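The values are calculated or read from the model by the stated rules, or taken from the named source; none is laboratory data. Keep in mind that what you see is a predicted model, and the values were worked out from it rather than measured. Reconstructed Cβ throughout: ideal geometry from the backbone, glycine too, with neighbour counts over all protein chains shown. To get the accessible areas, we keep the full protein, side chains included, count just its heavy atoms, and leave off ligands, DNA and RNA. Shrake-Rupley method; radii C 1.70, N 1.55, O 1.52, S 1.80 Å.
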Amino acid sequence: MRVIKRDGREVNYDRNKIAVAIQKANDEVDPIDRISEEKVEAIIASIENRGYETMQVEDIQDIIEQKLMQEKKFNLAKTYIIYRYSRELVRKANTTDESIMSLIQNSNKDVMEENSNKNAAIASTQRDLIAGEVSKDLTKRLLLPEKVSKAHEQGILHFHDADYFVQHIFNCCLINIKDMLDNGTVMNGKLIESPKSFQVACNVTTQIISSVASSQYGGQSVDVRHLGKYLRYTKNKYEKHYEESLGGTVSPEVIQKIVNDRVQDELRSGVQTIQYQINTLMTTNGQSPFVTLFLNLDPQDEYIEENAQIIEEILRQRLEGIKNEKGVYVTPAFPKLIYVLDEHNCLKGGKYDYITKLAVKCSAKRMYPDYISAKKMRENYEGNVFACMGCRSFLSPWKDENGEYKWEGRFNQGVVSLNLPQIGIIANGDEEKFWELMEERLALCFEALMCRHRALEGTLSDVSPIHWQYGAIARLKKGETIDKLLHNGYSTLSLGYIGLYEVTKLMTGVSQTDPKGTEFALKVMKRLRDATDTWKRNTGLGFAVYGTPAESLCYRFAEIDKKRFGSIPDITDKGYYTNSYHVDVREKIDAFSKFTFESQFQKISNGGCISYVEVPNMRHNLDALEELVKFIYDNIQYAEFNTKSDYCHVCGYDGEIELNDNLEWECPQCHNKDHAKMNVTRRTCGYLGENFWNVGKTKEIKSRVLHL
């Protein structure tokens, strides 16, 4: 017989557990109220003789209570019921004390390192994190079905939004910044009218970003092309002013020069406002706004020239950086930047190639921007190009009542991620068992996502006026529910996944880059996509597969599985799982091959995807980076560069640390030579020839640095 536990798991029947439970109750009552071992055996036999293949654990306990009552052992039955109830209380007990105290003491690493925009040492941030711990506790004990809660605890899946689940808060969105700027908005009960200049538009945009971030869980994205109109307003305003005040006294050329200088000055000030306010404003969540700026030179945009100026200035200021408390220029974490490559700027002789070259320099020094290929995106999204949300999840195509595609003003309801390696560990190479487990766990993910959806149903627009009433998402009436925005694919629900490399290795013995492994990996990915497509058809909700960029989750799943299954070579022994469909970081594969290989998985992962390559010494590698950027345009939808950057822990300098004439690493700012206080990645002469392109080809590189 199999026993179905409270969390939905099936386990083998164990008669000893019944005997132990009754005996514990026996020990609590007077001898006259106790039941004999023979009677205990008879109770157990009455359960077993029913001949059921499966029984619910609650049904077994009900039978025990009935049998004790029949034996007129009322005190014993009462004691057993109390024992059963006390066990239930233990399962439902408050679990926040330890986690909250560890937050206050700055020792809760899991929570402290989860979000890059939260400084967990600051009191205001701690308040938000404490609220999150309470929410997670209530979610686990009371709000989620026990089997979903248990699945999260056991690392079967990850319920991403538990720390905000008690509130009517969703995940991430694309702000409809065009509507809010053109038609005005309301913040804190005050009307904000449509701006009349670029500087004011930038200021209003940052206020919107902060207000939106205070009332949602995840990131947000803003398409900066909607600011182009306001830069033209500024230019027209200055032209009118100087023609009226200086016309007839100076030449038109002089007037135009003055106008251009004033416009350029306001452009710099406006962009600086965006950059500095995003990095200095704190939301009511005690964090910097998790915001992405979408830099897209749309050929259909009537303000494309103004937009080109704005993007160029954003990249210039990001390249310069922001001064930290020591006055050193550093790389700000936000806003994140995404730069769109199209025919006119893909480094093939286009009009705006000069901006792309600046973007490459910015990537080399400051890690951003990321890159989206308009060409590949149009192939995957019905001819459209649009921003991913701040969390890097993509919306599904959706048309309004006029048959027009709509992207801005839409959002993601929530995410649940599946632990693929754990399925492979349990299946142990048995494909039939693997697919059986996969179906069981996909059903669990669906139930968890439906919990996320149902929790938002009935939400009134009043809970966040900036989102629902004043344009960030919609312009609903006060007291109106948001339900129509949850259905018919307007918003999305994401099925994330971790560890395609590890599950492929477990089930086939090879990496997913091996043809045998590729076949299996694609089969897994297609099953995930088929599942979300089926859920979407059956419910009308916007389900999609999401290549979760959740680095902390890669460690959480691996840690859980190592404790449960032990150290498994190349699986749990690493301490992490590979993110989504990515090639394992230790594989010898060049950047071009990696992008080419991973692009096939991006097509399937329609709810979100990003691919990375690590490029050594990027600041000396601009030609190589430009080649990679050209390659991205033709081959992959969404990509980013990583590198290990230099950093001086004495003064905070994060520029290049070079060798001095005595062949010593020396910080150019504070002249620190203590190698232990520096993070220096260059250990060779920095030769950037063919060996960069072809990993594995040995090149003899001779220089003075090698003699170190």
Worksheet item: Of all helices (runs of 4 or more DSSP H) completely enclosed by segment 198-285, which ones contain at least 2 residues that are over 30 Å from Leu395 (Cβ atoms) and open to solvent by 50 Å² or more (accessible area, probe 1.4 Å)?
Response: 228-246, 252-280
Discussion item. Restricting to segment 170-197, count the residues that are modelled with pLDDT under 95 and either hydroxyl-bearing (Ser, Thr, Tyr) or under 22 Å from Met389 (Cβ atoms) (or both).
Written reply: 4
Worksheet item: Looking at segment 435-478, which of its residues are touching a helix residue (DSSP H, G or I) at 6+ places or on another chain (Cβ under 6 Å), closer than 30 Å to Lys523 by Cβ and among the small types (Gly, Ala, Ser)?
Response: Ala448
Discussion item. I'm told Glu658 meets every condition in (1) open to solvent by 20 Å² or more (accessible area, probe 1.4 Å); (2) closer than 30 Å to Phe597 by Cβ; (3) modelled with pLDDT under 90 except one. Can you identify the failing condition by its number?
Written reply: (2)
Worksheet item: Consider Met377 against the criteria (1) closer than 18 Å to Lys406 by Cβ; (2) surrounded by 24 or more Cβ atoms within 10 Å (Cβ to Cβ): it satisfies all of them except one. Which criterion is unmet?
Response: (2)
Practice prompt. Identify the residue in segment 480-517 that is farther than 25 Å from Asp161 by Cβ and part of a loop (DSSP other than H, G, I, E, B) and, among all such residues, is least open to solvent (accessible area, probe 1.4 Å).
Written response: Gln512
Worksheet item: What pairs can you find where one residue is in segment 229-256 and on the phi < 0 side of the Ramachandran plot, the other is part of a strand (DSSP E or B), and their Cβ atoms are less than 9 Å apart, with a gap of 6+ or different chains?
Response: Tyr242/Val250; Ile255/Gly247
Worksheet item: In the set Ile310, Ile314, Ile372, which member is more than 25 Å from the chain's Cα centre (by Cα) and hydrophobic (A, V, I, L, M, F, W, C)?
Response: Ile310
Worksheet item: Of the residues Lys326, Lys399, Lys357, which is in contact with a strand residue (DSSP E or B) (Cβ under 7 Å, 6 or more places away or on another chain), surrounded by fewer than 21 Cβ atoms within 10 Å (Cβ to Cβ) and basic (Lys, Arg)?
Response: Lys399
Item to complete: Run Thr532 past the list (1) open to solvent by 20 Å² or more (accessible area, probe 1.4 Å); (2) touching a strand residue (DSSP E or B) at 6+ places or on another chain (Cβ under 7 Å) and report the number of the one that doesn't hold.
Response: (1)
Worksheet item: Mind checking whether some residue in segment 166-185 is open to solvent by less than 30 Å² (accessible area, probe 1.4 Å), of a type in the set (D, E, K, R) and over 20 Å from the mean Cα position of the chain (by Cα)?
Response: no
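For every residue, the table says whether it meets (1) within 24 Å of Gly489 (Cβ to Cβ); (2) assigned to a loop (DSSP other than H, G, I, E, B); (3) under 23 Å from the mean Cα position of the chain (by Cα).
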site	(1), (2), (3)
Lys523	no, no, no
Lys526	yes, no, yes
Lys562	no, no, no
Phe597	no, no, yes
